[in-house]
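Worksheet for the structure shown next.
No value in this document is a laboratory result; all are computed from the given coordinates. Not measured: the values here are computed from a predicted model. Every residue, glycine among them, receives a Cβ derived from its backbone with ideal geometry; neighbour counts consider all protein chains shown.
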Amino acid sequence: MRKLLLFLNIFALTVPWLFSETISLEQVRALALANSRSLAKYSLTIQGAALDEKSRIYSNLPSLSLGASASMSLWGSANSAPIENPFDTFSAGASVSVSQKIFEGGKSSVQKAINNIASESARKDAQAEFFNVLDAADSAYYSVLEAAATLEAAEMALNLVNASLSIAEIRQSSGMINQGDYLKALADKESQENSRNQARRSLALNVTKLKALIGASSIPELEQINFTVYEDLISYLGNISDENADSLYEQLWKMIAASNPSLSKSAYATQRAEKNFILAKRAYSPNLSASFSTGINYTLDRGVERSAGRVSLSASIPIEYWVISNNVEKSRLAMDAASLDYTSALIQLETDLLNAIINIFTQAESVLSSRRSLEYAQIRYDYVEERYRLSQSSVSELGDASSQLISNRNKLIEDNYKFLQSLSRIRSLGAIDDEDRLIRLLMGN
């Protein structure tokens with residue numbers, strides 16, 4: 001049922017884009033998940049772990065076996081009378097036996113726990129890969145939108161320098177500017193055309209990467225990101241106080257430490273090493289098993305006869321204690337190594353969260369700063385352009401104002417999408433697939 005619901009969910013998200021002119025981020029995510037071979041591989045690993053659990057259960061059940069045999073002598077030995085009719089020597093038999101392990105020193109229960117841990121670890125691997133695919137989808141989607149916005153900005157900038165060049169051509173023909181200023185206007189135009197062409201190539205490359213990620217030969221236009229949804233969050237994080245920043249880190253750490261897939265996997269590895277250590281020590285214990293067998297035999301002269309029922313007990317006591325002791329020591333070392341790995345994973349997660357928190361603060365602040373810078377650059381450009389039209393500013397002054405405007409516009413585009421990338425990073429660390437919940441957490445709600 002879960003697989004069916006997942007399929008229906010992906011189907012509902014992905015199919016509409018085939019018949020529409022746009023595709024949303026949610027649809028790209030669903031397509032990336034459906035097209036991910038690594039995620040499909042982890043799904044197979046989970047299924048294999050589930051089969052291992054079943055195998056362990058089956059190994060504790062009674063072992064049943066059936067046997068059958070038939071024989072007939074074709075000729076006698078050299079010292080015996082010749083066989084006139086081989087069918088007179090025909091005999092057949094059937095048997096059934098049941099055996100059951102009675103005592104293994106608790107090995108079975110420990111192995112069952114190890115298989116359970118392996119299954120949970122495989123699920124955590126799949127969960128981590130799930131968010132890796134989501135990150136890749138977000139990154140590809142944002143890269144296309146950023147490249148498209150950069151191309152649009154480059155087109156706008158080219159229009160500005162073309163307008164500046166037109167005025168410079170008129171003035172140059174009338175002798176109002178010198179040859180150096182005119183050449184400067186020409187150089188600005190060529191430079192901006194090159195920037196526009198590079199933006200086109202960047203967009204084409206990012207579109208190709210997105211198509212490969214979702215397994216599509218073509219994609220419609222991408223829906224734009226509604227940045228107003230993040231307005232309150234950007235404002236809050238960009239102006240957050242030290243006290244609120246510390247409180248936010250502590251709150252996120254409690255949540256992420258309990259849900260991060262990589263840390264959970266490391267914890268399961270530690271538990272598995274501990275169980276393997278216990279299992280190695282259980283090798284000192286004796287083994288006890290019981291079996292029952294019976295059957296029937298048939299011969300021509302005696303007909304059908306029932307074999308005697310047999311019950312047997314068997315026990316084994318290990319005596320190669322030096323081998324067991326060596327295995328126990330190896331398991332203890334593996335357990336200590338797993339404990340060190342868990343400590344390293346914990347420290348790494350703390351570092352990753354701290355970096356992610358600082359990064360999202362920085363990106364939110366950069367967005368607010370870039371907005372102000374773009375506003376000032378636009379005002380300055382409008383002022384210098386007006387003076388240029390009135391022959392009160394030079395081509396160089398207009399070029400400097402234009403370059404500042406272009407640079408600040410591109411910086412705001414870059415900062416906006418970097419902020420979204422930093423938001424995706426925190427989402428993956430906490431394994432949070434609900435963006436609204438993530439925003440509420442970051443807002444301290």
> Most exposed first by the Cβ proxy, i.e. fewest other Cβ within 10 Å, how do 188, 434, 415 rank?
Replying inline: 434, 415, 188
>> Over the stretch 110-198, what portion of Cα pair distances is larger than 18 Å, expressed as a whole percent?
In response: 67 percent
> How big is D, in µm² s⁻¹, for the stretch 349-414 by Stokes-Einstein at 10 °C and 1.306 mPa s if Rh is the Kirkwood radius over C-alpha pairs?
Replying inline: 117 µm²/s
>> Just want the ordering: 361, 131, 227, from fewest to most Cβ atoms lying within 10 Å of their own Cβ.
In response: 227, 361, 131
> Under the rule of -39500 (n - 2.57) per DSSP H run of 4 or more residues, summed and divided by the residues of the chain, what mean residue ellipticity at 222 nm is obtained, to the nearest 500 deg cm²/dmol?
Replying inline: -25000 deg cm²/dmol
> In the P(r) worked out for the stretch 386-445, what percent of Cα pairs fall beyond 14 Å?
Replying inline: 70 percent
>> Beyond 19 Å, how much of the Cα-Cα pair distribution for the stretch 192-347 remains, as a whole percent?
In response: 80 percent
> If you look at just the Cα atoms of the chain, how large are its Rg and its Dmax in Å?
Replying inline: 37.6, 137
>> Using Cβ contacts closer than 10 Å as the measure, can you line up 440, 387 from fewest to most?
In response: 440, 387
> If you take the Cα Rg of the stretch 301-445 and divide it by 2.2 N^0.38 Å, with N the number of residues, what do you get?
Replying inline: 2.46
> Roughly how large, in nm² to one decimal, is the mean projection of the convex hull of the alpha-carbon atoms in the stretch 127-169?
Replying inline: 2.7 nm²
>> A 18 angstrom limit on the alpha carbon distance is what I want to check against. Which of 211/411; 275/330; 54/281; 112/281 exceed it?
In response: 211/411; 54/281
>> Using a Cα-Cα cut-off of under 23 Å, which lysines could be cross-linked to residue 254, ignoring same-chain neighbours fewer than 8 residues away?
In response: 124, 265
